[in-house]
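The values are calculated or read from the model by the stated rules, or taken from the named source; none is laboratory data. Computed from a predicted model, the values in this text were never measured in an experiment. We place every Cβ from the backbone using ideal geometry, glycine too, and count neighbours over all the protein chains shown. The accessibility values were calculated without ligands, DNA or RNA, using every heavy atom of the protein model including side chains. Shrake-Rupley method; radii C 1.70, N 1.55, O 1.52, S 1.80 Å.
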Amino acid sequence: MSTATATNYLNEAKGWKSWLLTQDHKRIGIMYLAGIFFFFLVGGLLALIIRWELFTPAKDIMEADTYNRFFTLHGAIMIFLFIIPSIPAALGNFVLPLMLGAKDVAFPRLNLASWYLYVIGALFALYSIISGAADTGWTFYTPYSTSTSGSVVAIAVGVFILGFSSIFTGLNFIATIHKLRAPGMTWFKMPLFVWGLYATAIIQVLATPVLGITVVLLILERMVHIGIFDPAMGGDPVLFQHFFWFYSHPAVYIMILPGMGIISEVIATFSHKRIFGYKAIAYSSLGIAFMSFLVWGHHMFVSGQSELASLIFSFLTFFVGIPSGIKVFNWVATMYKGQISLKVPMLYAISFLILFSIGGLTGIFLGAVSVDVHLHDTYFIVAHFHYTMMGGTVIAFLAGLHFWWPKLWGRIYNETWAVVSCLMIFIGFNVTFLSQFIMGAQGMPRRYYTYPEEFQRLHGFSSVGSLILGAGFLIMTIYLLHSIFRGKKVGRNPWQSLTMEWEAESPPITHNFDKDMVLEHGPYDYDIVDAKYTEEGTL
Amino acid sequence: MSNAEGHPTHLAHHFSTTEQQKDSAKIGMWLFLLTEVLLFGGLFCAYAIFRAWYPDLFHNAHSFLDTGLGATNTVVLITSSLTMALAIRAMQLGNKNATIWNLVATLGLAGTFLVIKYIEYSHKFHLGQLPGKYYTFTGVEGGNPHIFFSIYFMMTGLHGIHVIAGMITIGWMLYRTTKNHFSAEYYTPIEMTGLYWHLVDLIWIFLFPLFYLIG
Ligand SMILES: [Cu+2]
């Protein structure tokens, strides 16, 4: 196969069929990217409408009922259709085989099937919106979810299907990582993003089936009233909570672990330095994956579970903080005395360090039973999980997006606008959610469309922040779309990074590499490899 | 990229050896079986909780299940696992005809299982031993008897769906065998189908004592 021709994975085949029937992991990654951007837009607009309603205590634009549906949709869409597939299925799909020096994932057809399951699941979610929408919150707690008039079944079917999409992606990645590494790439020569995806995939495979059976039971409970969650029929609604959180706590690590992987790559690359504590970071990913299965009860301190159970769950929750802390210290140590260049991905990585630390530490507060009883179902929780999910995962996703964008398209975005947008997102995010910590601590409960007068100032503050945030994303949309067609062309390795995906062309050819790949140096051997890439592709 | 010779037709372009492809398929299949176990795991967990809550009810209600039919079905499924294994063995030896007949036997046994299950189900439907709010039978002592039947129908129903999925896959393997897709060198899909079928069998081996043999 010839090298350095103008053909690449984007232009080798043409027409919509060549996309919809593709088995190329890169194209599937791009199709996932399109899907998640669409739902990020939908979920984001819902959030802006919610903040609009909350600008004043009065009824501004919607009824309480409508409000319940809006926050439910915002949560369900953001979690199941955006965050969970965002890093693994979109960026991971594109980058993983390239990072391993492979030609594709282990099961390309299954990979395409996962995407179709994602689309079908999304269609069910959209159908639920037009057929009345669920008003239960994204957690679908029984017995409310089995008695409300909202459209619960459609979205539950959607979640079930999306779950299998996620399982198949995880299964595919595990097989790929085990079997398709380039010769010479031993487990401890893998990039840390791959470790992150591996740990994520383990959770996807082990936890998601339980969500699957849980929503099946919910659907049966609603449709034929089997009674196992209904106290009037001898069932137990708390059992639903146990099932739900057995999946959904590990799921928060499905969301954050791949993000942490991205941060490892970005910080090492832009500090141009060997990552500090490689093995500690790799093992801590597995440690988090393991621990994540043992802490679900911290969501249920006020559900009536036994005090002993609460104490054990609380204790174990503190433990999960340790591997996350190990990672943060290692990233900071990597930056120490590195040659730091503050490119856009690095700015996002630094934002991540700040925001994720706040999100993580407030999680420790909430793991303490007594504090949680006070803060349960307040805006403090809302702020906490937005700091981890948005300040953590979404910011890491943006770091990765800006990091690999030149690899995706062979072109790069306008740096100035990207910096402006990054700063707006950072500021807007903090304005929106710091205020919610304060409100929550003062007792403002979540999930109400109205509130006492005294919270108006903080709610107003939060709403203004969401506008700044929205404007930041608007700018990003414009410069990213612009760059696909008009951006400056880049070479193979614009960031002088040492992981293997940068040895492919930008954009890569359909079979990824123009030669059979063999590992020549470790992913972070900056001290060994001198700057031999400077002659090509420097920005 | 790959040299034309030495890259057999059954080897996908992104694998370099048949070995690598087969190992990948095995990892993938075992992981899938793990997800199946966890899918059923939720129901086993519900079973354990409600049996602990209502031990007498489970004891009384189980006597309405037909142990004879359940035991017959257990034998039927175990035999089908044997014929499935023989089908794989035959292909390893390149004996296409033996593979075909063993797959046909497996399909026949799976069908027998479903027919017996149908007889059991229709008998219960007739008596009103239905899940949840459709439950109308009055002969079981103890409160909330519908819970037992809800769990019974969910677990055996989900298992039944897996039997049907298995039959479809085995039928597909049968078709591919007749079309000469497999040989002594390449029979991974039949082997993977076999793994799946053994799991379906195994789950029944747990379901049978848990429902029919409550002591
Ligand atoms: Cu949790």
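Within the option set A:Gly235, A:Gly259, being facing another protein chain (nearest Cβ under 9 Å), buried (at least 24 other Cβ atoms within 10 Å of the Cβ) and out of contact with any strand residue (DSSP E or B) (no Cβ under 7 Å at 6 or more places or on another chain) holds for one residue only, A:Gly235. With B:Tyr175, B:Tyr118, B:Tyr212 as the choices, which residue is among the hydroxyl-bearing types (Ser, Thr, Tyr), under 25 Å from B:Leu77 (Cβ atoms) and either in contact with a Pro (Cβ under 7 Å, 6 or more places away or on another chain) or touching a residue at least 12 places away in the same chain (Cβ under 8 Å) (or both)? So the residue among B:Tyr175, B:Tyr118, B:Tyr212 that is among the hydroxyl-bearing types (Ser, Thr, Tyr), under 25 Å from B:Leu77 (Cβ atoms) and either in contact with a Pro (Cβ under 7 Å, 6 or more places away or on another chain) or touching a residue at least 12 places away in the same chain (Cβ under 8 Å) (or both) is B:Tyr212.
Taking the stretch A:480-503 on its own, how many of its residues are open to solvent by 60 Å² or more (accessible area, probe 1.4 Å) and closer than 19 Å to A:Ile275 by Cβ? Total meeting the criteria: 0.
The one condition from (1) open to solvent by less than 10 Å² (accessible area, probe 1.4 Å); (2) away from the ligand (no atom under 16 Å from the Cβ); (3) at pLDDT 95 or above that A:Ser285 does not meet is (3).
The set of residues in the stretch A:403-446 being assigned to a loop (DSSP other than H, G, I, E, B) and closer than 19 Å to A:Ser483 by Cα consists of A:Gly410, A:Tyr413, A:Asn414. With respect to A:Asp372, is the statement that it is more than 30 Å from A:Lys489 (Cβ to Cβ) and in contact with a strand residue (DSSP E or B) (Cβ under 9 Å, 6 or more places away or on another chain) true? In short, no.
Within the stretch B:171-194, is there a residue that is open to solvent by 40 Å² or more (accessible area, probe 1.4 Å), of a type outside the set (Asp, Glu), more than 22 Å from B:Thr99 (Cα to Cα) and in a helix (DSSP H, G or I)? Looking through the stretch B:171-194, none of the residues is open to solvent by 40 Å² or more (accessible area, probe 1.4 Å), of a type outside the set (Asp, Glu), more than 22 Å from B:Thr99 (Cα to Cα) and in a helix (DSSP H, G or I). Among the numbered conditions (1) over 12 Å from B:Phe148 (Cα atoms); (2) free of Cβ contacts under 8 Å to residues at least 60 places away in the same chain; (3) polar (S, T, N, Q), the only one that B:Ser63 does not meet is (1). Among residues of the stretch A:291-318 that are touching a residue at least 60 places away in the same chain (Cβ under 8 Å), those with a beta-carbon under 6 Å from a residue that is within 14 Å of the ligand (Cβ to nearest atom) and not in a helix (DSSP H, G or I) at least six positions away or on a different chain give the pairs A:Val302/A:His376.
Which fully enclosed helices (runs of 4 or more DSSP H) of the stretch A:1-92 have 3 or more residues being in contact with a Phe, Trp or Tyr (Cβ under 6 Å, 6 or more places away or on another chain)?
Details: elements: A:16-20, A:25-53, A:64-76.
Correct list: A:25-53, A:64-76.
Residue pairs whose Cβ atoms lie under 7 Å apart, separated by 6 or more positions or on different chains, with the first residue in the stretch A:233-252 and at positive phi and the second more than 16 Å from the ligand (Cβ to nearest atom), are A:Gly234/A:Gly227; A:Gly234/B:Gly143; A:Gly234/B:Asn144; A:Gly234/B:Ile147. Take the conditions (1) within 8 Å of chain A (Cβ to nearest Cβ); (2) open to solvent by 40 Å² or more (accessible area, probe 1.4 Å); (3) under 16 Å from the mean Cα position of the chain (by Cα); B:Tyr54 misses just one of them, which is (3). Can you confirm whether A:His225 is modelled with pLDDT of 95 or more and open to solvent by 10 Å² or more (accessible area, probe 1.4 Å)? Against the criterion (modelled with pLDDT of 95 or more and open to solvent by 10 Å² or more (accessible area, probe 1.4 Å)), A:His225 does not qualify.
Go through the stretch B:60-75 residue by residue and tally those that are in contact with a helix residue (DSSP H, G or I) (Cβ under 9 Å, 6 or more places away or on another chain) and surrounded by fewer than 20 Cβ atoms within 10 Å (Cβ to Cβ). Can you show your working first?
Just the residues of the stretch B:60-75 that are in contact with a helix residue (DSSP H, G or I) (Cβ under 9 Å, 6 or more places away or on another chain), to begin with: B:60-62, B:64-67, B:69-74.
Next cut, surrounded by fewer than 20 Cβ atoms within 10 Å (Cβ to Cβ) only: B:60, B:62, B:64, B:66-67, B:69, B:71-72, B:74.
Result for the stretch B:60-75: 9.
Of the residues making up the stretch B:100-145, those that are among the aliphatic types (A, V, I, L, M), crowded, with 18+ Cβ neighbours inside 10 Å and within 16 Å of the chain's Cα centre (by Cα) are B:Leu103, B:Leu107, B:Leu109, B:Ala110.
The condition of being open to solvent by less than 10 Å² (accessible area, probe 1.4 Å), in a helix (DSSP H, G or I), more than 24 Å from B:Leu43 (Cβ to Cβ) and within 10 Å of chain B (Cβ to nearest Cβ) holds for only one of A:Ala199, A:Ala175, that being A:Ala175.
Quick one: would you say A:Phe276 is buried (at least 22 other Cβ atoms within 10 Å of the Cβ), more than 15 Å from the ligand (Cβ to nearest atom) and more than 14 Å from every other protein chain (Cβ to nearest Cβ)? In short, no.
The one condition from (1) within 11 Å of chain B (Cβ to nearest Cβ); (2) assigned to a helix (DSSP H, G or I); (3) closer than 13 Å to A:Phe140 by Cβ that A:Phe229 does not meet is (2). Just one of the listed residues (A:Val252, A:Val302, A:Val238) is outside any helix (DSSP H, G or I) and either within 16 Å of the ligand (Cβ to nearest atom) or not small (Gly, Ala, Ser) (or both), and it is A:Val302. With respect to the conditions (1) over 30 Å from A:Phe429 (Cα atoms); (2) at pLDDT 95 or above; (3) out of contact with any Gly (no Cβ under 6 Å at 6 or more places or on another chain), A:Phe160 falls short on a single one, namely (3). When we screen A:Gly158, A:Gly121, A:Gly137 for residues that are under 30 Å from B:Tyr134 (Cβ atoms) and outside any helix (DSSP H, G or I), the only hit is A:Gly137.
From the set of residues in the stretch A:101-111 that are under 22 Å from the mean Cα position of the chain (by Cα) and not in a loop (DSSP other than H, G, I, E, B), which is surrounded by the fewest Cβ atoms within 10 Å (Cβ to Cβ)? Here the answer is A:Leu110. Among the criteria (1) within 16 Å of the ligand (Cβ to nearest atom); (2) open to solvent by 10 Å² or more (accessible area, probe 1.4 Å); (3) at the interface with chain B (Cβ under 10 Å from one of its Cβ atoms), the one A:Thr214 does not fulfil is (2). Of A:Lys327, A:Lys343, A:Lys337, all but one fail to be of a type in the set (D, E, K, R) and either within 14 Å of the ligand (Cβ to nearest atom) or open to solvent by less than 30 Å² (accessible area, probe 1.4 Å) (or both); the exception is A:Lys327. Per the conditions (1) within 14 Å of chain A (Cβ to nearest Cβ); (2) modelled with pLDDT under 90, the sole criterion not satisfied by B:Ser63 is (1).
Taking A:Phe270, is it modelled with pLDDT under 95 and more than 19 Å from the chain's Cα centre (by Cα)? Answer is no for this residue.
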